[in-house]
Amino acid sequence: MTSSITHGGARREAVTIRRATARDAKRLTRLVRTSRAYEGPYAAMVAGYRVGPDYIETHRVFAAVEDGTDRLLGFYSLVLAPPELDLMFVADAAQGLGIGRRLIGHLRDEARRAGLTGVRIVSHPPAEGFYRSVGARRTGTLAASPPAVMWDRPELVLPIA
């Protein structure tokens, strides 16, 4: 899937969403660990997080990259059984460019091809608004589970039409 992105009226390179490979593991891990969305009280959750080659080979992990440079703009991971968006991150420098919406569109296509009718999302609290803006519905709250997660998280479902 290739498309162009614009920011402030300036056209930028085309973006491709492709299957991640084991060679992407370090870049995906770095994106997770350096995300500004996980600063402050959320930092502990991603401090030692690792997206390993084994994870990439086991799950449907897709990366949004800038054509010509292969610069990582974001990624997501779809688990099929049970259906869940396990990870989704957009690079800080790519925020506001529509990368997250493109990743969700791609996820919907993948889920549809897999025969899924909905995908569960346990959201980072500040990201709930984004998921609701792309059609996810809140279904509940997942209680904190210290020491790994110290806060309650919104639970949503993204319908796959």
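Laid out as a table, the results:
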| read-out | value |
| --- | --- |
| From phi via Karplus (6.51, -1.76, 1.60), per-residue ³J(HN,Hα) for the range 123-131 in Hz, x at Gly/Pro | 8, 5, x, x, 8, 4, x, 4, 4 |
| Pair-distance profile P(r), taking every C-alpha pair of the range 45-145, with 10 angstrom steps and integer % | 13, 46, 36, 5, 0 |
| Net charge contributed by nearby residues that have their C-beta within less than 12 Å of Glu39 (K/R +1, D/E -1) | +1 |
| Under 5 Å, built H, 5+ apart or other chain: amide partners of His59 | none |
| Exposure of Asp70 as accessible area (Å², to 10), given a probe of 1.4 Å and all protein chains | 60 Å² |
| Within a Gaussian network of the chain (alpha carbon springs, distance under 10 Å), most fluctuating of Ser145, Ser123, Ser35 | Ser145 |
| Label zone at Ala22, where the point sits 7 Å out along the Cα-to-Cβ direction: the range 51-82 residues whose backbone N lies under 13 Å | 52-58 |
| C-alpha center-to-center spacing [the range 141-156, the range 73-128] in angstrom | 19 Å |
| Value at 222 nm in deg cm²/dmol, rounded to 500, when DSSP H runs of n ≥ 4 in the chain each add -39,500 (n - 2.57) | -7000 deg cm²/dmol |
| Full-stretch length increase - Arg120, Ser133 - with 0.36 nm per residue and alpha-carbon distance subtracted | 3.1 nm |
| Residue order for Arg132, Arg112 - accessible surface, 1.4 angstrom probe, largest first | Arg132, Arg112 |
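The values are calculated or read from the model by the stated rules, or taken from the named source; none is laboratory data. Computed from a predicted structure; not experimentally measured. Positions of Cβ are generated from backbone atoms using ideal geometry, with glycine treated the same way; all protein chains shown enter the neighbour counts. Note: areas computed on protein heavy atoms with side chains; ligands, DNA, RNA excluded. Shrake-Rupley method; radii C 1.70, N 1.55, O 1.52, S 1.80 Å.
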